[in-house]
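Worksheet: one structure, shown below.
The values are calculated or read from the model by the stated rules, or taken from the named source; none is laboratory data. The structure displayed is predicted, hence computed values, not measured ones. When we count neighbours, we look across all protein chains shown, and the Cβ atoms used for this are built from the backbone with ideal geometry, even at glycine.
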Amino acid sequence: MAGKNKKKKAPLNYAAQNRKARHDYFIEDTMEAGIVLTGTEVKSLRQGRASIGESYAAEEEGELYLLNAYIPEYTNAAVNNHEPRRKRKLLVHRREMARLFAAVNRQGMTLVPLSVYFNDRGMAKLELALARGKHKSDKRETSKTRDWERQKARLMRTR
């Protein structure tokens, strides 16, 4: 009698990451959102040359859009190529969208993309964070505590 067939999760295939976001913002909450893309954008994302470092998400006409994300043109597409910095619609449930808009409007938070990846079904997804901006002193404090934690770990290892 064989055991249950368990699906092993494949490692996430990251197309782009925003490494600086965790340095510049306090991350309050994260969520997954779908992205509406054209065919050449998906092919370009699979090559891993996209950049979301200076991008952000915002509300326009009651919808959620990813703005200023750079997905380079796909070189093998002749005529039907896409615009590299066009706004891209994000697919989020209505309730989640209302909660995000309320946090942005009332509490002065921002929507920062953390990564673009392909899930196990091959669909492009965006990890979106509800974040509050850090001041310079907060950044110093974060790096100070990180360094102290590293030193503590080294001291405990030697004992």
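Tabulated data
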item: Helices (runs of 4 or more DSSP H) completely within segment 1-113 that count 1 or more residues being more than 29 Å from Thr142 (Cβ to Cβ) and at pLDDT 85 or above; result: 39-46, 94-107
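Yes or no, residue by residue, for (1) surrounded by fewer than 17 Cβ atoms within 10 Å (Cβ to Cβ); (2) under 28 Å from Glu59 (Cβ atoms); (3) in contact (Cβ under 8 Å) with a residue 40 or more places away in the chain:
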{"position": "Arg94", "(1), (2), (3)": "yes, yes, no"}
{"position": "Phe101", "(1), (2), (3)": "yes, yes, yes"}
{"position": "Gly108", "(1), (2), (3)": "yes, yes, no"}
{"position": "Asp120", "(1), (2), (3)": "yes, no, yes"}
{"position": "Leu128", "(1), (2), (3)": "no, yes, yes"}
{"position": "Lys144", "(1), (2), (3)": "yes, no, no"}
{"position": "Trp148", "(1), (2), (3)": "yes, no, no"}
{"position": "Thr158", "(1), (2), (3)": "yes, no, no"}
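Residues checked against (1) among the hydrophobic types (A, V, I, L, M, F, W, C); (2) over 15 Å from the mean Cα position of the chain (by Cα):
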| residue | (1), (2) |
| --- | --- |
| Val112 | yes, no |
| Phe118 | yes, no |
| His135 | no, yes |
| Asp138 | no, yes |
| Thr145 | no, yes |
| Trp148 | yes, yes |
| Met156 | yes, yes |
